[in-house]
Amino acid sequence: MTEDELDQILETYEVPEPPAGFADRVMAAAHPRPARRWSATSWGVLAAAAVLALALALVGLWPTRPVTGALHARRRTEVTLGARGVAVAENGARLRWTVDGTRAEIEQSEGDVFYRVSPGQPFVVRTPEGDVRVRGTCFRVEVLEMNVSPQLFAGAAAGALVAGAVVVSVYEGEVAVQNEHGEVSVEAGERSVIEPSRAPSEPSDAPASLARRPRDPQTEAARDETPATRGIDEMDAPALRARLRSVAARSRERAHEVERLRGLLDDAELADPGRSRFFPASPADLRRWADACQLRLDQPPVMGIEPGRVGEHAETLELDPAEARAVQDAIERAHSSLTEDLRALYVEATGDVDGAAALSPRAMLAEIRDKAGTAEQHRNVMHRIARERAGLERPPPADAELSPSERAVRRYARVGDEFQERLARALGPERARELRARDEGWPWARSIFAGCDDD
């Protein structure tokens with residue numbers, strides 16, 4: 001029954017006449033004194049009041065509307081899940097939730113989320129690989145998405161692929177981790193991994209940083225920056241050494257996990273360049289790309305006759321109006337600088353002064369390459385640049401006599417990095433790096449040049 005239906009019933013309800021002498025009998029039983037006779041009107045008022053009280057009680061007990069919401073986090077974001085708790089979502093996490101009274105159901109399709117849950121009715125986090133059920137606890141759910149090349153599993157069954165995994169780490173209390181293949185209980189200081197086509201792993205000790213200690217994201221950064229608040233300044237030498245070993249072990253564990261995941265990602269990207277990442281690139285990334293004879297370039301829109309526009313990417317990059325103007329100014333300056341440099345190299349390579357004034361940077365680069373000779377020579381330059389970036393080969397000295405073609409290619413290959421430097425001067429180094437990394441490379445233009453010297 002809805003509230004509207006209840007209101008309609010109350011409006012149409014007719015108070016019945018009481019039986020003869022009913023009010024006198026009730027009052028006589030309640031008070032052993034001469035009874036007062038109640039009129040029909042008095043009885044009607046009493047009965048209406050009783051019905052109204054009952055209606056108010058029903059409305060008070062009637063379930064409230066469920067609280068629903070959705071989030072795709074662009075940075076660390078805290079959301080309140082009705083009366084059941086709090087979720088702290090890291091950058092990239094995706095959530096949908098429905099909290100009905102004290103029952104809560106969360107759908108976490110991507111990313112890393114910390115949950116602090118108040119005791120109450122069932123609280124379920126549903127992930128692509130299984131469910132996490134709790135009543136009151138602190139825990140973290142990490143959905144790791146990996147599309148891995150079949151070549152990595154040569155000894156596995158035909159067609160077997162790692163589609164993803166979910167890591168559940170418990171800080172306080174206990175949770176049940178389950179999927180269609182089985183269920184395990186995970187207590188504080190433990191974690192379990194849910195993978196496709198198998199039951200959740202048996203609980204194992206969490207890393208030292210998690211063991212038997214809740215992690216509160218709201219104060220985590222402050223504690224890391226002010227160790228005195230954690231009592232470190234009061235520790236003796238043995239305790240400090242133990243603390244140092246714990247932090248060092250955690251750092252090594254995280255570094256190894258990052259490298260492992262990057263390796264899996266790179267293998268997937270090498271098999272499918274359309275899904276490739278361009279920035280940021282670690283030394284290990286650059287070596288893998290160079291070994292695969294790949295040079296990856298991400299650039300602003302500067303290769304046309306006119307400089308490109310920020311356009312829809314202002315929203316992609318989450319630029320405020322002032323930042324959008326700064327980015328547009330940097331695009332125009334980068335276009336002017338590249339055009340001027342390629343124009344000088346074009347005239348040197350072709351002797352065509354008039355043609356240089358009418359051509360776009362893209363057209364001038366193509367003409368310079370054509371004058372240089374074979375495509376193999378151009379590819380070899382790209383491969384050398386990839387090896388130089390990886391530290392596998394020394395760049396040519398500043399006074400080296402390079403052909404106009406090689407100088408043009410090298411100038412073209414620097415455009416993405418120089419654009420970041422221009423934005424750093426306008427917006428600061430951290431913001432410039434953040435903008436480039438937001439979509440794993442500048443969003444306007446991306447190219448992968450592949451091929452080795454001996455191909």
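Each residue was assigned an accessible area with a 1.4 Å probe, and for ARG103 the value is about 130 Å².
Give, in nm to one decimal, the length gained when the segment between ARG65 and ALA424 is fully stretched (0.36 nm per residue of separation minus the Cα-Cα distance). Result for the pair: 124.4 nm of gain on full extension. Using a simple spin-label model with pseudo-atoms 7 Å out from Cα toward Cβ, ALA284 and GLU202 lie 2.9 nm apart.
Take the Cα of GLU440, go 7 Å toward its beta carbon, and the backbone nitrogen atoms of region 85-129 under 15 Å from that spot belong to 92-93, 111. On full extension, the segment bounded by ASP370 and ARG96 gains 93.2 nm, given 0.36 nm per residue less the C-alpha separation.
So how much slack lies between ARG433 and ARG325, counting 0.36 nm per residue of separation and subtracting their Cα-Cα distance, in nm?
Full extension of this stretch gives 37.1 nm more.
Let's test the formula: R0 of 51 Å, r as the Cβ-Cβ distance of ALA344 and SER185. What FRET efficiency results, to the nearest 0.05? Computed FRET efficiency for ALA344 and SER185: 0.10.
Placing R0 at 51 angstrom, the Cβ-Cβ distance between ARG74 and GLN377 gives a FRET efficiency of 0.70 after rounding to 0.05.
The values are calculated or read from the model by the stated rules, or taken from the named source; none is laboratory data. What you see is a predicted model; the values in this text were computed from it and never measured. Here Cβ is always computed from backbone atoms with ideal geometry, including for glycine, and neighbour counts include all displayed protein chains. The protein model used for the area step is the full one, side chains on, heavy atoms only, and it has no ligands, DNA or RNA in it. Shrake-Rupley method; radii C 1.70, N 1.55, O 1.52, S 1.80 Å.
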